[in-house]
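Before I ask anything, here is the structure I am working with.
The values are calculated or read from the model by the stated rules, or taken from the named source; none is laboratory data. Here the structure is a predicted model, which means the values were calculated and not measured. As a convention, Cβ positions derive from the backbone with ideal geometry for all residues, glycine included, and neighbour counts pool all protein chains shown. When the accessible area is computed, the model is the full protein with side chains, heavy atoms only, and any ligands, DNA or RNA have been set aside. Shrake-Rupley method; radii C 1.70, N 1.55, O 1.52, S 1.80 Å.
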Amino acid sequence: MHKVLSGITVLEQGTFITGPAAGMFLADLGAEVIKIEQPGSGDPFRSFRGGLYSPHFQTYNRNKRSITLNPKLPEDAAVFDELVRDADVYIQNFRPGAAERLGAGAERLRGLNPRLVYCAISGFGPTGPAAGRPAYDTVAQAASGFLRLLVNPTDPRVVGPALADALTGFYAAYGVMGALVERGRTGQGRTVEVSMLEAMCHFNLDAFTHYFSENEVMGPFSRPSVSQSYVLACADNRWIALHMSSPEKFWQGLANAIEQPMLFQDPRFATREGRIAHQEDLIALLGGLFRQRSRADWCARLEAEDVPHAPMYDTREAVEDPQARHLQLAVSAAHPHGGEWRTIRSPVSFDGERALEVTAPPVLGADNDHIVEPLRRRFRAA
């Protein structure tokens, strides 16, 4: 892939997900990301079954280098400062105030390097009544109103992946790239701040727009009702998803696929408004029909009628789908401990070139000899 951020050096002092995700998004685009970790233990997300290479850590730390520094040691603090002087970006996701106590606050680091783009990620923002509260993914989803749109009120359980963490990292990378573009014009860096609460409120923009414009508080079934989205069990106990939206051609195609071409002359289902009002009736009707054939059979029928649908895959099935294989979504690299390491490539292509090259997440301190030790020797010689 074209490494559009080649020549950009990022220092990432992140843990868990938000900071590491921001670093990974930049690394995927070709930036050199140097992950600064605690000696001995590293990023707490590393810990797994007595080792330091968990699946969680692997998810957000590919295409990076790893060094270990103890900022309490003068020699390591000097190495850190020297790295900052040559860096383009610094990323941290400490609680507000922690970076300053570690000597890594924005004012000090940008004093060392005025061109530095400094990115601070927090849970609730740097100031305000909730600034000091601990924040994790579910907390941010709940505080932003987003979790309420996911949880089934009849079975209130948290569902799904760590959306708030990953999306906050994405917004942080987005802010960093904007600041880098501006720096190209002005020569000056910026302090970029993003919180999990702000990121998830923005991601939840549709719900807030409905509230602001129509005084409507959306619930977990509001959007699926309007978009006419369905998940249906098939005869082989596999599931299929439909997203019918409003074009009448899709509904007529569905009627043909289920061999009931006159179905949508029923007054309940003849119009978009009727289908929204009577979605429960449609769910019951379609549910009974889809139980009569296998998922593969339904996919063939729906595809023949150009109905928007997809098998509701599990992870194993999704990566083996012919379209996923055609797009080369699964890529691999040499595993640091031997063998093959696999991941899903960056979704962004430039000039038709896919991001097929990847490096596995580093073992702790893998790049100390190449990055840290030369600086230590220089300081000792001086």
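Being basic (Lys, Arg), in a helix (DSSP H, G or I) and more than 13 Å from VAL89 (Cβ to Cβ) is the filter here, so list the residues in segment 138-189 that pass it.
ARG148, ARG185, listed by residue number.
Let me ask something additional. Those residues that are touching a Pro at 6+ places or on another chain (Cβ under 6 Å) and open to solvent by 10 Å² or more (accessible area, probe 1.4 Å), I need them from segment 9-56; list them, please.
Correct list: THR15 only.
Same structure, new question: Give me a count of the residues in segment 277-313 that are in contact with a strand residue (DSSP E or B) (Cβ under 9 Å, 6 or more places away or on another chain) and under 15 Å from TYR230 (Cβ atoms).
Selection size over segment 277-313: 18.
Now for a separate question. When segment 135-182 is examined, which residues are found to be hydroxyl-bearing (Ser, Thr, Tyr) and at pLDDT 95 or above?
TYR136, THR138, SER144, THR168, TYR171, TYR174 - these are the residues of segment 135-182 that are hydroxyl-bearing (Ser, Thr, Tyr) and at pLDDT 95 or above.
I'm checking my understanding of the structure. Among residues of segment 353-382 that are exposed (fewer than 10 other Cβ atoms within 10 Å of the Cβ) and at pLDDT below 95, which one is nearest to PRO39 (Cα to Cα)?
Only one residue fits best here, namely ARG380.
Same structure again: Pairs under 7 Å by beta carbon, first residue under 29 Å from GLY189 (Cβ atoms) in segment 158-178, partner at pLDDT 95 or above and open to solvent by 50 Å² or more (accessible area, probe 1.4 Å), six or more apart or different chains?
Listed by first residue and then by second, the contacts come to LEU167/PHE203; GLY169/PHE25; PHE170/PHE25; ALA173/PHE25.
Taking the residues in segment 320-342 that are among the hydrophobic types (A, V, I, L, M, F, W, C), more than 21 Å from SER54 (Cα to Cα) and open to solvent by 40 Å² or more (accessible area, probe 1.4 Å) as candidates, determine which candidate is nearest to the chain's Cα centre (by Cα).
Top of the filtered list is LEU329.
Among the residues that make up segment 302-313, is at least one of them closer than 24 Å to LYS3 by Cβ and of a type in the set (Ser, Thr, Tyr)?
Among the residues of segment 302-313, not one is closer than 24 Å to LYS3 by Cβ and of a type in the set (Ser, Thr, Tyr), which makes the answer no.
Follow-up. What residue, among those in segment 190-199 that are outside any helix (DSSP H, G or I) and either at pLDDT below 95 or of a type outside the set (D, E, K, R) (or both), is most open to solvent (accessible area, probe 1.4 Å)?
THR191
Further question on the same structure: Could you check, for segment 11-25, whether at least one of its residues is at pLDDT 95 or above, more than 18 Å from the chain's Cα centre (by Cα), under 27 Å from PRO134 (Cα atoms) and not basic (Lys, Arg)?
Scanning segment 11-25, I find at least one residue that is at pLDDT 95 or above, more than 18 Å from the chain's Cα centre (by Cα), under 27 Å from PRO134 (Cα atoms) and not basic (Lys, Arg), so the answer is yes.
Open to solvent by less than 30 Å² (accessible area, probe 1.4 Å), at pLDDT 95 or above and of a type outside the set (S, T, N, Q): does that describe GLY125?
So GLY125 passes the test.
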